[in-house]
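Some notes on the structure that comes next.
The values are calculated or read from the model by the stated rules, or taken from the named source; none is laboratory data. Everything quoted here is computed from the prediction, not taken from an experiment. Positions of Cβ are backbone-derived with ideal geometry, glycine not excepted, and every protein chain shown enters the neighbour counts.
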Amino acid sequence: MCFHVKVTKTKEQIEKKSRLKFKPEVTFTPNPHFKGFDHPKLPVITNQQDYIHLFEWGLIPHWAGNDFNSNNTLNARIETIDEKPSFRDAYTNRCVILVDGFYEWRHEGKDKIKYDIGINNNLMCLAGLYSDDTFTIVTTEAVGIMDYIHNTKHRMPIVLNDDENLMNWLNCKPIVPFTDFSYQREDGQVSLFG
């Protein structure tokens, strides 16, 4: 699943790439490694398409009490989002999460090899759902190079890399996820492009 992302672009770079503005009072600090279990606030565009918002990673449904564990809603499987109680009400609250890339680990025996996955150092739009000021990243079955890299759970985030798919996602229409990633092993021994 997708629990590690990077956002190294500045607020101004994100605004330029996305053609939207953050609300004036918003401050954002880039980070090369955000961890979902820390529940960071990341740049998000909702289906209202008004501003770039900073929402907390880990969707909290509107009906949840104070004891709700948002570690369980960092990701949502596309195959079941309309069935699971945590996501069902947010199904039409579509958003995209703006990142430079994400990290996944390939298991080789007892070793785990970290991969930095991105699209030629450009901003990526990950499909998401939101509730109030929280979000989840929507995942799908891993294909192509992602199936090779994420060889235990075989999942990957849904990446919306063109305007048509992005708008279709936000408007609850069918999409075709992007799969042509560039990636490299984090240990620097190998640099590959998918």
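Close Cβ contacts (under 8 Å, 6 or more residues apart or on different chains) running from residues in region 147-168 that are farther than 20 Å from A76 by Cβ to residues that are at pLDDT below 90 and part of a strand (DSSP E or B) comprise I149/Y183.
Could you pull out the residue among I158, I97, I113 that is over 12 Å from the mean Cα position of the chain (by Cα) and aliphatic (A, V, I, L, M)?
Values: I158 fails: over 12 Å from the mean Cα position of the chain (by Cα); I97 fails: over 12 Å from the mean Cα position of the chain (by Cα).
Of I158, I97, I113, the one residue that is over 12 Å from the mean Cα position of the chain (by Cα) and aliphatic (A, V, I, L, M) is I113.
Scanning region 17-32 for residues that are loosely packed, with under 12 Cβ neighbours inside 10 Å and either in contact (Cβ under 8 Å) with a residue 24 or more places away in the chain or not hydroxyl-bearing (S, T, Y) (or both) returns R19, K23, P24, E25.
Among residues of region 62-75 being assigned to a loop (DSSP other than H, G, I, E, B) and among the polar types (S, T, N, Q), the one that is farthest from L42 (Cα to Cα) is N66.
Of all residues in region 52-62, which are of a type outside the set (D, E), modelled with pLDDT of 95 or more and within 16 Å of D132 (Cβ to Cβ)?
First pass over region 52-62, keeping only residues of a type outside the set (D, E): 52-55, 57-62.
Next, from what is left, pick out any that are modelled with pLDDT of 95 or more: 52-55, 57-61.
The answer is H53, L54, F55, W57, G58, L59, I60, P61.
Taken together, I14, I45 contain a single residue that is touching a Pro at 6+ places or on another chain (Cβ under 7 Å) and surrounded by 19 or more Cβ atoms within 10 Å (Cβ to Cβ), which is I14.
Condition check for G58 on (1) touching a Ser or Thr at 6+ places or on another chain (Cβ under 8 Å); (2) at negative phi: one failure, at (2).
Here V176 clears all of (1) of a type outside the set (G, A, S); (2) within 12 Å of the chain's Cα centre (by Cα); (3) surrounded by fewer than 14 Cβ atoms within 10 Å (Cβ to Cβ) except the condition numbered (2).
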